[in-house]
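Have a look at the structure below before the remarks.
What follows is calculated from the coordinates using simple rules that are stated; it is not laboratory data. As the structure is a computational prediction, the values presented were derived from the model and not from experiment. Methodologically, a virtual Cβ is constructed for each residue, glycine included, from the backbone with ideal geometry; neighbour enumeration extends over all protein chains shown.
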Amino acid sequence: MTPYDAPRRALLVVDVQNDFCEGGSLAVEGGASVAASITAYVREHPDDYAAVVASRDWHRAGETNGGHFAGYDEMPDYASTWPVHCVAGTRGSDYHPSFDSTSATAHVVKGMGVAAYSMFEGVLASHDGEPLMPQVTLTQVLVDLGVMAVDVVGIATDYCVLRTALDAIGQGFATRVVVDLTAAVAERTRDSAFRALAEAGVSLS
C-alpha cells in the first residue's frame, strides 16, 4: 500500500530527541519510554497513516537562537528561556535510539536561529537534518497527500506537542493527541495544556 492509498490521516511525532529524554540537557521524565512506545505503536498500525512525520529541534551553535537559550551568565526561566539543547548535529539533537526514525516518511527541523515550538514552524529535511531546497513546509506535505486529520504524539505534552496540535487544528486538520504517547515537563502545565487543547477542539485519547 502506498501513502496515497492509505487513509488520509498523518501521525506527527514531535521532538523525540536525546536532549528531551532522560540523561539529556532538558530531560522530560518518561521521554525514553514514550520513544519506545511510539515505535511499537507505528509498527502495530502500518496502514493507518498516509504519512508519519517526525520533527526535531535543530538549534544553531554559539548563539541564543533568538533568545530561546538563556544568555551567558543568565539563568533560564524554563518558560521562555531554556538551557542549551538540541544543537544541530550533536548527539542531543539526534532522535532517541528507542524511536525507530526509519519509520518516518518525512522529517522536519525547526528552531534554526529562532524559538520554535510547533512542527508547523519548521521545514522538511533529510533524515540527517539537512533542510531540503527549495524549502517545504509541513502544511504543504499534508495538503499534497490529501491529509485531513492528524494524530500528535511526542515530547513535551505541555510545550511542543501542545503548540503543534493547536496549529494543526487552527489550519483545519481534525486533530487528536494520543495522551499515552506523550511525556510532559510537569503535571501542572500538562493539565493546563489538556484544558487548552480541549477548548480548541482537539481530541484527547
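Brief remarks follow.
- Taking other C-beta atoms within 10 Å as the exposure proxy, LEU166, LEU12 rank LEU166, LEU12 from fewest upward.
- Kyte-Doolittle at least -0.5, axis length at least 18 Å by Cα - qualifying DSSP helices, the chain: 31-44
- Cα gyration tensor, the stretch 90-131 - rounded (a/c under 1.5), prolate or oblate: prolate
- Sites ALA79 and ALA200 - FRET efficiency at Förster radius 25 Å, r taken between beta-carbons, to 0.05: 0.75
- Chymotrypsin sites (Phe, Trp or Tyr not before Pro), loop per DSSP, at most 16 other Cβ atoms within 10 Å - longest free stretch of the chain: 79-205
- Checking every one of the GluC sites (Glu not before Pro) in the stretch 32-89 against DSSP loop status and a limit of 15 other Cβ atoms within 10 Å picks out GLU63, GLU74.
- Overall form of the stretch 80-168 per C-alpha gyration tensor (a/c, 1.5; a/b vs b/c): rounded
- Length gained when the stretch ASP180-ARG60 is fully extended (0.36 nm per residue, less Cα-Cα span): 40.1 nm
- Available extension along the chain between ASP191 and VAL114 is 25.0 nm, counting 0.36 nm per residue and deducting the alpha carbon span.
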